[in-house]
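The values are calculated or read from the model by the stated rules, or taken from the named source; none is laboratory data. As the structure is a computational prediction, the values presented were derived from the model and not from experiment. Methodologically, a virtual Cβ is constructed for each residue, glycine included, from the backbone with ideal geometry; neighbour enumeration extends over all protein chains shown. Quick note on the areas: whole protein, heavy atoms, side chains included, nothing else; ligands and nucleic acids left out. Shrake-Rupley method; radii C 1.70, N 1.55, O 1.52, S 1.80 Å.
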Amino acid sequence: MFDVTGARAELARLRPVLDEFVTVRADAAEIAASLVEDGVSTPLGGLPELKAAQARLDELMSEIQRAGAELKGFAPLLVDFPSERAGVPVLLCWLEGDLELAWYHRVDLGFAGRRPLW
């Protein structure tokens with residue numbers, strides 16, 4: 001369980017992991033598309049590099065989850081931190097592109113119930 005300050009600190013610690021996740025995800029998508037389209041490797045590589053990128057994505061997902069965060073979306077990247085507001089279970093919510101952790105939603109409402117923290 002995180003409070004806002006703790007979740008923000010954990011997000012800051014995870015930022016290099018999240019940035020790498022976005023890069024590796026893009027590389028994997030490009031390699032996969034090239035292999036499907038014409039079976040030819042890109043400058044990023046071919047099937048071996050795709051397998052390596054997929055393995056790295058698995059490692060990065062595990063690192064996010066070990067931190068106590070919940071990986072809810074892959075593209076765009078969506079990370080939730082379990083918390084409470086006024087005794088109600090909520091998820092502090094960070095979406096790829098957000099500059100900071102500034103949103104939350106009730107657990108039972110999901111992303112559609114996303115609200116600003118302030």
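Here the spin labels are modelled as points 7 Å beyond Cα on the Cα-Cβ line, and at residue 5 and residue 36 they lie 4.7 nm apart.
Order 5, 42, 23 by their accessible area, 1.4 angstrom probe, all chains in place, largest first.
Working: 5 105, 42 25, 23 80 Å².
Of 5, 42, 23, the descending order of accessible area is 5, 23, 42.
Computed on the Cα trace of the chain, the radius of gyration divided by the Kirkwood hydrodynamic radius gives Rg/Rh = 1.08. Think of the chain as having a plus end and a minus end, set by charges on the Cβ of Lys, Arg, Asp and Glu; of 95, 64, 4, 4 sits farthest toward the positive end of this dipole.
Evaluated with a Cβ-only charge set (Lys, Arg +1; Asp, Glu -1), the chain carries a dipole of roughly 460 debye about its Cα centre, given to the nearest 20. Amide hydrogen proximity for residue 103: with H placed 1.01 Å from N in the peptide plane, the residues at 5 or more positions away or on another chain lying under 5 Å are 93, 117. Here the gap between residue 22 and residue 117, fully extended at 0.36 nm per residue and compared with their Cα-Cα distance, gives a gain of 31.7 nm. For residue 77, the residues whose amide H sits under 5 Å from its own are 96, ignoring neighbours fewer than 5 places away on the same chain, with H placed 1.01 Å from N. Near residue 90, the amide H atoms lying under 5 Å from its own belong to 83, 84, 85, 107; only residues 5 or more places off or on other chains count, and H is placed 1.01 Å from N.
Taken one residue at a time, the phi angles of segment 67-75 give Karplus couplings (6.51, -1.76, 1.60, θ = phi - 60°) of 6, x, 8, 10, 7, 9, x, 9, 8 Hz. Gly and Pro are set to x.
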